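Reviewing the structure listed below.
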Amino acid sequence: MKLTINTSFQENASSQYLLILVDSEQLQQSAATYQINKFEEITTATQYKAGLNETLALVGNVPASTNACLVGLGKTAELQPGKLAKVAQTIIKAAQKKFQQISVDISALPVQFHNIFALLLTQAAYAFDEFKSKKNEFVLEQINLIATDSPVTAEQLQLLQAVQTGQNLARDLGNRPGNICFPEYLAEQALALAAEYPELLKVNVLDEQQMADLGMHSFLAVSKGSDRPGRIITIEYHAERSEAPVVLVGKGITFDTGGISLKPGAGMDEMKYDMCGAASVLGTMRALCESGLDIHVVGTIAAAENMPSGKATRPGDIVTTMSGQTVEILNTDAEGRLVLCDTLTYVKRFNPALVIDIATLTGACVVALGSVLTGMFTPDDELAAELEAAGQTSFDRVWRMPVLDDYQEQLDSPFADIANIGGPKAGSVTAACFLQRFTHDYRWAHLDIAGTAWNSGTNKGATGRPVPLLMQFLANRVQKNG
């Protein structure tokens, strides 16, 4: 989706549809700006009040455009960004099958929401029909934003378009089923991305023998139960840059049955989404390539399939991690931390400035935060503040959760250095505490996206979060470091 921004409606543009956002308390101002014919007569007859998401078609009544529509914002002084998603969805739904280009006047929208609303429009335009014989007949290609006064620059729109492309890739990967998207497939996607951007990306893929040689027996305890071999995939962006990289580590369990600790059958189809952390890393790497941000980033994906078989790990088995620490595996469905801990040890070789892991790690985080906020765990106050600020700007928000030594004793094992679960209390916290034991050599944050990576129900599908958060975080670092 191409985005542009202008200070006024471009009558010579190819826009076939004009949508005007209106404040319920300033309806007359919009009428005057566009010289809407018979405005009072129309609004009186239709009882149009410009309530939130309330629309009014103005076919033939706006001299500037044959097809025009008012879209209500209610009282903009009371507007919250969360409500704008529905407005964006209304606009896209009305236009995507009819018009190649539309113009949206956002002048009535508070300027602090301009950037977020532009991103919401691109997110609303996503659809996944890859495996349907009848495809969506969408024709919308460009949105021309209009604002008499806006802080959004052409450079910011370019970044938004890069975020959109990366987020769409993450959503596509998440939505693909486990028989299509498996560890080797993720490696192929990384290699294909590097082939597309050979001057920006360098990819390396570890197979299971190489992992065994490195002592990654925690990772292999998960992948050995499947006929699909595991892979650790590294994608380095701007490898030639001298500064220490930001390392992103994505959990890529391409399907999670729970292993021997088998999950209930109901809803198990959604366990194809257990690789959404990996999908977000791949999406972020693509967005980086399109944006051209001047920053050194390494994306690392821990890709495995968790299956029950004669080779699968049993509850009670003990393995040695790459770090040398031993783990008693009390629950094979707590597998994400097993592949991540070895990967977090592996990435030390990049001498990272900081490491952020992204994982659909715990159902406990869903219970705590639902599907609104991503759980953020870090002992680093400065890093937490940077992630929180990036989340607010991108409207891909996080909520800081504790990662304290007080919880570590829940992971004690009588037979190994650590158990892979900490009991029923504070499950998301003890999962983070488990990972923390492998991150003492660098600055680190953990994002638990179990509640935010996908939607269930009638709107089932991957969200592509936290690609917007990660890209804003990286863009902020570029700006800060000048």
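Some notes on this structure:
- Here the peptides 108-120, 190-202 are ranked by packing, the mean other Cβ count within 10 Å, and the order with the highest first is 108-120, 190-202.
- The distance linking segment 82-139 with segment 179-248 is 34 Å (Cα centroid to Cα centroid, whole angstrom).
- Share antiparallel - DSSP beta bridges, segment 1-151, percent rounded to 5: 20
- Residue-wise HN-Hα couplings along segment 316-323, as the Karplus relation 6.51 cos²θ - 1.76 cosθ + 1.60 with θ = phi - 60° gives them from phi, are x, 5, 10, 10, 9, 7, 4, 6 Hz; Gly and Pro carry x.
- Among the listed pairs 272/480; 38/83; 132/311; 49/93, those with a Cα-Cα distance over 27 Å are 272/480; 38/83; 132/311.
- Shape category assigned to segment 158-479 from the gyration tensor of Cα positions, a/c cut at 1.5: rounded
- Angle in degrees between helix 467-481 and the longest Cα principal axis of the chain, rounded to the nearest 10: 90
- Percent carbon-and-sulfur accessible area, segment 119-200, ignoring ligands, DNA and RNA, probe 1.4 Å: 49
- Filtered chymotrypsin sites (Phe, Trp or Tyr not before Pro), segment 365-416: DSSP coil and at most 11 other beta carbons within 10 Å: 415
- For segment 179-187, the Karplus equation 6.51 cos²θ - 1.76 cosθ + 1.60, evaluated at θ = phi - 60°, returns couplings of 6, 9, 9, 10, x, 5, 5, 4, 5 Hz by residue, with Gly and Pro reported as x.
- Charge dipole magnitude, Cβ of K and R +1, D and E -1 - the chain, Cα centre, debye nearest 20: 1040
- DSSP beta bridges fully contained in the chain are about 35 percent antiparallel.
- Projecting the Cα atoms of 221, 304, 345 onto the charge dipole of the chain, computed from C-beta unit charges around the Cα centre, puts 304 farthest toward the positive end.
- Computed about its Cα centre, the charge dipole of segment 276-394 is approximately 420 debye, with only Lys, Arg, Asp and Glu carrying charge at their Cβ.
- Each peptide in 179-186, 270-277 receives the mean, over its residues, of other Cβ atoms within 10 Å, and ordering these scores from highest gives 270-277, 179-186.
- Taken along the Cα-to-beta-carbon direction at a fixed 7 Å, the label points for residue 415 and residue 158 span 5.8 nm.
- Residues whose amide H lies under 5 Å from that of residue 225, counting only those 5 or more places away or on a different chain, are 307, 313; hydrogens are built 1.01 Å from N in the peptide plane.
- When Rg and Dmax are taken over the Cα atoms of segment 1-151, they come to 15.1, 48 Å.
- For the chain, the residue among 481, 295, 157 whose Cα projects farthest onto the positive side of the dipole built from Cβ charges is 157.
- Close amide-amide hydrogen proximity is noted between residue 68 and 18, 58, 59, 60, each under 5 Å apart and 5 or more residues distant or on a separate chain (H modeled in the peptide plane; Pro and chain starts excluded).
- Between the listed residues 267, 198, 365, the Cα displaced farthest toward the positive end of the dipole of the chain, a dipole computed from Cβ unit charges relative to the Cα centre, is found at 267.
- Backbone HN-Hα couplings from phi across segment 243-253 [Karplus 6.51/-1.76/1.60, Hz, Gly and Pro as x]: 6, 4, x, 7, 10, 9, 10, x, 6, x, 7
- Electrostatic tally near residue 164: other residues with Cβ closer than 11 Å to its Cβ, Lys and Arg +1, Asp and Glu -1, net +2.
- Accessible area (Å², per residue) of the chain, counting only protein heavy atoms and a probe of 1.4 Å: 41
- Charge dipole magnitude, Cβ of K and R +1, D and E -1 - segment 1-151, Cα centre, debye nearest 20: 520
- When you count the other C-beta atoms within 10 angstrom of each residue and take the mean per peptide, 32-42, 62-72, 212-222, 80-90 line up highest first as 212-222, 62-72, 80-90, 32-42.
- Loop-resident sites, segment 326-429, for trypsin sites (Lys or Arg not before Pro), counting at most 15 other Cβ within 10 Å (DSSP): 425
- Label-to-label distance for residue 38 and residue 227 is 6.9 nm, based on points extended 7 Å past Cα in the beta-carbon direction.
- Between helix 154-175 and the chain: long-axis angle, C-alpha atoms, 0 to 90°, nearest 10: 50
- Accessible area in the full protein assembly, largest first, 1.4 Å probe, for 140, 474: 140, 474
- Local net charge near residue 258, Cβ-Cβ under 9 Å (Lys/Arg +1, Asp/Glu -1): -2
The values are calculated or read from the model by the stated rules, or taken from the named source; none is laboratory data. All figures in this text were calculated on a predicted structure; none of them were measured in a lab. Note that we place each Cβ from the backbone using ideal geometry, even for glycine, and neighbour counts take in every protein chain shown. When the accessible area is computed, the model is the full protein with side chains, heavy atoms only, and any ligands, DNA or RNA have been set aside. Shrake-Rupley method; radii C 1.70, N 1.55, O 1.52, S 1.80 Å.
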